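Novice: Handing you this structure, nothing more for now.
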Amino acid sequence: MSCEVPLLVADHVSRLYGSRIGCANVSFDLYDGEVVSVVGESGSGKSTLLSVLSGSTPATSGRIFYRMRDGNTRDLATLGEAERRLLMRTDWGFVRQDAAEGLRMGVSAGANVGERLIGAGERRYRRIRSEALDWMGRVEIDPMRIDESPQTFSGGMRQRLQIARNLVTRPRLVFMDEPTGGLDVSVQARLLDQIRSLVREFSLSVVIVTHDLAVARLLSDRMIVMRHGIAIESGLTDQVLEDPREPYTQLLVSSMLQV
Amino acid sequence: MSAPIATGYNFAYLDEQTKRMIRRAILKAIAIPGYQVPFASREMPMPYGWGTGGVQVTAAILGPDDILKVIDQGSDDTTNAVSIRRFFQKTAGVATTTHTSKATIIQTRHRIPEDAVKEGQTIVFQVPIPEPLRFLEPRETETRTMHALQEYGLMHVKLYEDIARHGHIATTYAYPVRVNGRYLMDPSPTPKFDNPKMDMSPALQLFGAGREKRIYAIPPYTSVVSLDFEDHPFERGAPDRPCALCGSTGVFLDEVVTDDKGARMFVCSDTDFCERALMRRTAPEEIA
Amino acid sequence: MYVAVKGGERAIDAAHRLLARARRGDRSLPPVESAQIVEQLTLAVDRVMVEGSLYDRELAATAIKQARGDLIEAIFLVRAYRTTLARFGYSDPVETREMKLARRISATFKDLPGGQVLGPTFDYTHRLIDFDTDEPGSDDASPDHAYKERAATPRVAELLADEGLIERPSDSIDGPPADITREAPTFPARRDARLQTLARADEGYLLSLGYSTQRGYGRSHPFVGEIRFGEVDIEFFAEEVGFAVPLGRIRLTECEMVNQFKGSGTAPPQFTTGYGLAFGQSERKAIAMALVDRALRAQELGEECVAPAQDQEFVLSHADNVQATGFVEHLKLPHYVDFQSELSLVRLLRAEFDAAQTTLAREAAE
């Protein structure tokens, strides 16, 4: 079911640190089932943008709108702390580069997946258990390891567990911050493949930050190129990659093709 | 039987200003069942961790006509119970009793008496760590937010872990409860066996944590629900045998090692209850 | 036949009698008098006063005697007594610039207005046990010459402040100063509440935390701007008469630590300060307090907060030795009931484990 109203709208969003620019004047719309990638070098402001969009850092100026599950579009700045946190643990997901930050490392894999269900009010142990087993299977983690701590998991497994933990409440919007960063190339490829199929299966809307244009190409429909905190170019991913307008984007694209 | 009142100190040790401050905290606690009210806890002449919170609450509500019972681990005769009872005999000169039914105020550490309490009675609990989320989240700033937003999922994560590992919930005392459908509360380190006694109790239940500077309360006839899962309901864990002394069943038992070869017996933790049950059995007509 | 344990009251009475006997020790020796403790165990008295948060030398000495020399126990006695004292109000702030100095040293300037005053200190002694301290006539009979009247001596921080090289202490706090003895702590705690907590904090705890900042856990490049010890006047503004009434004099040790600061986006590079203040001659305490105070300002100054000494919830929540000793030692109290619950649980878990093992073994055998 498509909807004409965007799910997320960024309207001239800026974040300043004193006089230093984190990101400035970023605007874009995100529709249901759409994946937008934000690319750029480190320090380009893409992570700042992500943390502003997800509400963990307040914007200095500009507004962010989100269409809630009830169909009403709300200015995120007007949400109370309780509403924001509820959104964060039900309708949104956040996949962090370091899985240890996104997981609760002191409890089992099953509890990690179950926590968001519990947070959403589930009080049946068996249901939590079976959902956790189901999701471990979906992200190709041996369900026999449900009671093990993620401490014993490899980097790729932890990342897949983090994705399962986020998706178990069927969020509509997922933020991803370099989800494949720091993983071996072969592990990366497999993880990307899984992310792509999950995104399709649940028609997720995703904002993904990456420095890796190959990741952006594989996952995203549209692309935003950032430099010095400013969105210098945006468009359909294929278009931007095939015919980059800005010299900086051309440089990025050529360096990708050489590798 | 009360000893002469110590000179040089106010009635029940604390000055009236301090008592007023504590009473205000108690009133607020009663108005918001299960909510931990910060209060300016005073240094008391007994160490922190030995009941200073309970002692301050008792001192603030105690009147000359009150009859006080003090128990520790269910017993009136353990060292700390004796010490606290004497403290109030000395500083307030109030009457004391070991009989649950005769007391107007019962200060307790780790137990609720076996005899049913009634309207008009107050139970004062000594609390070491008032924050039920403390061992899951060490920061006060964060736990206060979690209470404010009723974000109590973490507690169920812990129970989930228990069941996943052991097949059942493995929390045996200080078992977390939800009070009046709102605040998550630590019932103090009483065994979970006593949790059901807190629910809809006709007595006022006050909790004092001196070192952590918190007071909280369960007003009479307030719902107190032990956390659980629908398919793994709370279990009280009643002992599977009668008391070896008085023969009572369905009461909490202490295990006593009787020789160096591992022989042991199980007897009532509530010594006053045990004694009277024994008397009732041997000389029933003497009991009113 | 077992009977329930009884006789708690008698056992406690007997324990109290034994304690009294142990406190007195060998009765062929004369008892120590509190006045002797006031005069000869001065530094122990100082510590009990500062951590007991009550300036009363005789009372502290009595507490030390009653506590058999256990200073934390003595501090506890003083604190409990303090609870029963009526509160008349707050004294006016003391002016340490006007201190009658017995000692004043700076580690940042070789010479400075007011000079370096060594005073009574262990600093330059050889730590050799003097086996003659009990011999008659070993006492130095030279007359007391401490607390000379000196002109007001400016503090080192004031000298640096003239050039703008050091932050000015901000005297603008919202509302009246905190009173940690009358309010439950809240976090984040303001600096006034933090300093009060540190002032009554356990000396050993502050010492270790301060030491940890020197070893790299929250490094702050400290210099002792100055440490001064002497007497100050205490005055109390009496509403009824409309002017400040002198209440007497107390001895204080004050430490101003000068710390490097690289500056931030909004503040130019300049020195910052850590502050320590304690009753009596308590130099170790004052210096350690200043180090920890500075460490706790990390967040306010935009520094990275990673070290234990910079974590205010951690530092402030565990600083009080009366709280700490009570809770640690409460483990001696009976925990029969909780332990009984755990005992039953472990038995149950073991039975379940054994049953599972047996089933496994049987299945393997089949």
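Novice: For B:VAL82, indicate whether it is in contact with a helix residue (DSSP H, G or I) (Cβ under 7 Å, 6 or more places away or on another chain), part of a helix (DSSP H, G or I) and facing chain C (nearest Cβ under 7 Å). First the steps, then the outcome.
Specialist: Values: in contact with a helix residue (DSSP H, G or I) (Cβ under 7 Å, 6 or more places away or on another chain): yes; part of a helix (DSSP H, G or I): yes; facing chain C (nearest Cβ under 7 Å): yes.
Against the criterion (in contact with a helix residue (DSSP H, G or I) (Cβ under 7 Å, 6 or more places away or on another chain), part of a helix (DSSP H, G or I) and facing chain C (nearest Cβ under 7 Å)), B:VAL82 qualifies.
Novice: Give just the number: which of (1) more than 10 Å from chain C (Cβ to nearest Cβ); (2) more than 19 Å from the chain's Cα centre (by Cα) does B:LEU68 not satisfy?
Specialist: With respect to (1) more than 10 Å from chain C (Cβ to nearest Cβ); (2) more than 19 Å from the chain's Cα centre (by Cα), B:LEU68 is out only on (2).
Novice: Which residues, counting only those in region B:165-206, are among the aliphatic types (A, V, I, L, M) and surrounded by 20 or more Cβ atoms within 10 Å (Cβ to Cβ)?
Specialist: First pass over region B:165-206, keeping only residues among the aliphatic types (A, V, I, L, M): B:169-170, B:174, B:177, B:179, B:184-185, B:198, B:200, B:203-204, B:206.
Hits for region B:165-206 are B:ILE169, B:ALA174, B:VAL177, B:VAL179, B:LEU184, B:MET185, B:MET198, B:ALA203, B:LEU204, B:LEU206.
Novice: While we're on this one: Among the residues of region A:16-25, are any of a type in the set (S, T, N, Q), surrounded by fewer than 23 Cβ atoms within 10 Å (Cβ to Cβ) and within 14 Å of chain C (Cβ to nearest Cβ)?
Specialist: Checked against the condition, which is being of a type in the set (S, T, N, Q), surrounded by fewer than 23 Cβ atoms within 10 Å (Cβ to Cβ) and within 14 Å of chain C (Cβ to nearest Cβ), region A:16-25 yields at least one hit.
Novice: I'm told C:GLY218 meets every condition in (1) part of a strand (DSSP E or B); (2) under 30 Å from C:LEU165 (Cβ atoms) except one. Can you identify the failing condition by its number?
Specialist: Condition not satisfied by C:GLY218: (1).
Novice: Please go through region C:166-182 and give me each residue that is surrounded by 14 or more Cβ atoms within 10 Å (Cβ to Cβ) and either part of a loop (DSSP other than H, G, I, E, B) or within 11 Å of chain B (Cβ to nearest Cβ) (or both), ordered by number. Talk me through it step by step, then tell me what you get.
Specialist: Filtering region C:166-182 down to residues surrounded by 14 or more Cβ atoms within 10 Å (Cβ to Cβ) leaves C:166-167, C:178, C:180-181.
The answer is C:GLU167, C:ALA178, C:ILE180, C:THR181.
Novice: Would you point out which residue out of C:LEU349, C:LEU345 is at the interface with chain B (Cβ under 10 Å from one of its Cβ atoms) and either closer than 27 Å to B:LYS213 by Cα or buried (at least 16 other Cβ atoms within 10 Å of the Cβ) (or both)?
Specialist: Numbers: C:LEU349 fails: either closer than 27 Å to B:LYS213 by Cα or buried (at least 16 other Cβ atoms within 10 Å of the Cβ) (or both).
Among C:LEU349, C:LEU345, only C:LEU345 is at the interface with chain B (Cβ under 10 Å from one of its Cβ atoms) and either closer than 27 Å to B:LYS213 by Cα or buried (at least 16 other Cβ atoms within 10 Å of the Cβ) (or both).
Novice: Only one of C:GLY276, C:GLY280, C:GLY302 is more than 14 Å from chain B (Cβ to nearest Cβ) and more than 26 Å from the chain's Cα centre (by Cα). Can you tell me which?
Specialist: Values: C:GLY276 fails: more than 26 Å from the chain's Cα centre (by Cα); C:GLY280 fails: more than 26 Å from the chain's Cα centre (by Cα).
Being more than 14 Å from chain B (Cβ to nearest Cβ) and more than 26 Å from the chain's Cα centre (by Cα) holds for just one of C:GLY276, C:GLY280, C:GLY302, which is C:GLY302.
Novice: Would you call C:PHE314 within 14 Å of chain B (Cβ to nearest Cβ) and surrounded by fewer than 20 Cβ atoms within 10 Å (Cβ to Cβ)? I'd like the intermediate steps shown before the answer.
Specialist: Values: within 14 Å of chain B (Cβ to nearest Cβ): yes; surrounded by fewer than 20 Cβ atoms within 10 Å (Cβ to Cβ): yes.
Yes, satisfied.
Each row is one residue, and each column tells you yes or no for (1) hydroxyl-bearing (Ser, Thr, Tyr); (2) surrounded by fewer than 21 Cβ atoms within 10 Å (Cβ to Cβ); (3) in a strand (DSSP E or B); (4) within 14 Å of chain A (Cβ to nearest Cβ).
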position: B:TYR216; (1), (2), (3), (4): yes, no, yes, no
position: B:PHE234; (1), (2), (3), (4): no, yes, no, yes
position: B:THR249; (1), (2), (3), (4): yes, yes, no, no
position: B:ASP254; (1), (2), (3), (4): no, no, yes, no
position: B:GLY262; (1), (2), (3), (4): no, yes, no, no
position: B:CYS274; (1), (2), (3), (4): no, no, no, no
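Novice: Another question, then. When you go through (1) more than 9 Å from chain C (Cβ to nearest Cβ); (2) within 18 Å of B:TYR173 (Cβ to Cβ) one by one for B:CYS243, which number turns out not to apply?
Specialist: Condition not satisfied by B:CYS243: (2).
Novice: Looking at region B:134-158, I want the residues that are more than 10 Å from chain A (Cβ to nearest Cβ) and have a partner that is not in a helix (DSSP H, G or I) with Cβ atoms under 6 Å, at least 6 apart or on another chain. Which pairs are those?
Specialist: B:GLU140/C:PHE187; B:THR141/C:PHE187; B:THR143/B:GLU131; B:THR143/B:LEU133; B:THR143/B:GLU137
Novice: Would you mention how many residues in region A:56-77 are crowded, with 21+ Cβ neighbours inside 10 Å and assigned to a loop (DSSP other than H, G, I, E, B)?
Specialist: Counting residues in region A:56-77 that are crowded, with 21+ Cβ neighbours inside 10 Å and assigned to a loop (DSSP other than H, G, I, E, B) gives 1.
Novice: Could you please let me know if A:VAL52 is farther than 30 Å from A:ASP134 by Cβ, in contact with a Ser or Thr (Cβ under 9 Å, 6 or more places away or on another chain), hydrophobic (A, V, I, L, M, F, W, C) and part of a helix (DSSP H, G or I)?
Specialist: Working: farther than 30 Å from A:ASP134 by Cβ: yes; in contact with a Ser or Thr (Cβ under 9 Å, 6 or more places away or on another chain): yes; hydrophobic (A, V, I, L, M, F, W, C): yes; part of a helix (DSSP H, G or I): yes.
So A:VAL52 passes the test.
Novice: Pull up region B:12-40, narrow it to residues that are assigned to a loop (DSSP other than H, G, I, E, B), within 18 Å of the chain's Cα centre (by Cα) and of a type outside the set (Ser, Thr, Tyr), then point me to the one that is nearest to the other protein chains (Cβ to nearest Cβ). Show your work before the answer.
Specialist: Within region B:12-40, the first condition is being assigned to a loop (DSSP other than H, G, I, E, B), and the residues that meet it are B:12, B:14-15, B:32-36, B:39-40.
Filter again for within 18 Å of the chain's Cα centre (by Cα), leaving B:33-36.
Restricting the remaining residues to those that are of a type outside the set (Ser, Thr, Tyr) gives B:33-34, B:36.
On the way: B:PRO33: 20, B:GLY34: 18, B:GLN36: 10 Å.
Looking at the filtered set, the residue picked out is B:GLN36.
Computed from the coordinates by the stated procedures, all read-outs in this text should not be read as laboratory data. Remember, predicted model here, so these are calculated numbers, not experimental data. For neighbour counting, all protein chains shown are included, and Cβ atoms are generated from backbone atoms with ideal geometry for every residue, glycine included.
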